[in-house]
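The values are calculated or read from the model by the stated rules, or taken from the named source; none is laboratory data. Since the model is a prediction, treat every value here as computed from it, not as a measurement. Don't worry about glycine lacking a Cβ; one is built from the backbone with ideal geometry, like all the others, and counts go over all protein chains shown.
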Amino acid sequence: MPDKVVILIVDDESDVRAFARQTLVEAGYFVLTAADAETALKFMRIVIVDVLFTDIVMPNGMNGCQLARLARAISPSVKIVCTSGFAWARENASDICSAMLAKPYQPARLLAEVARALSV
């Protein structure tokens, strides 16, 4: 990687955030994590994020699709990779997401989707 790529992981499940973070850090990415959309937006206002990796279904306020739209307003070039364990959520998010991952996902699949999103 010529420049350090910044990835922001947003998931309300701490185990999922930790798993994704470890996978991406080991691959050489700089990773930030947030448990909710509001925290993610705070990060995006102060850090240039290359890839937003967000869960679609999150409790307590904003969901991943809403977050993705606001993230694009802040940073139009951000790549958005979405994930969910719910097929209906994945289908409804296809317009805003550069890539989609079904939960549970394997590390290789996460890395492949992030690389694909970055190459577009």
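Go through segment 45-63 residue by residue and tally those that are over 23 Å from Val120 (Cβ atoms) and in contact (Cβ under 8 Å) with a residue 24 or more places away in the chain.
Initial filter on segment 45-63 (over 23 Å from Val120 (Cβ atoms)): 45-46, 57-63.
Next, only the ones that are in contact (Cβ under 8 Å) with a residue 24 or more places away in the chain stay: 45, 57-63.
Result for segment 45-63: 8.
Filtered by the rule that a residue be surrounded by fewer than 12 Cβ atoms within 10 Å (Cβ to Cβ), within 18 Å of Tyr29 (Cα to Cα) and at pLDDT below 95, segment 86-119 gives a lone residue, Ser119.
For segment 4-31, a residue qualifies if it is free of Cβ contacts under 8 Å to residues at least 60 places away in the same chain and in a loop (DSSP other than H, G, I, E, B), and the qualifying residues are Lys4, Asp12, Glu13, Gly28.
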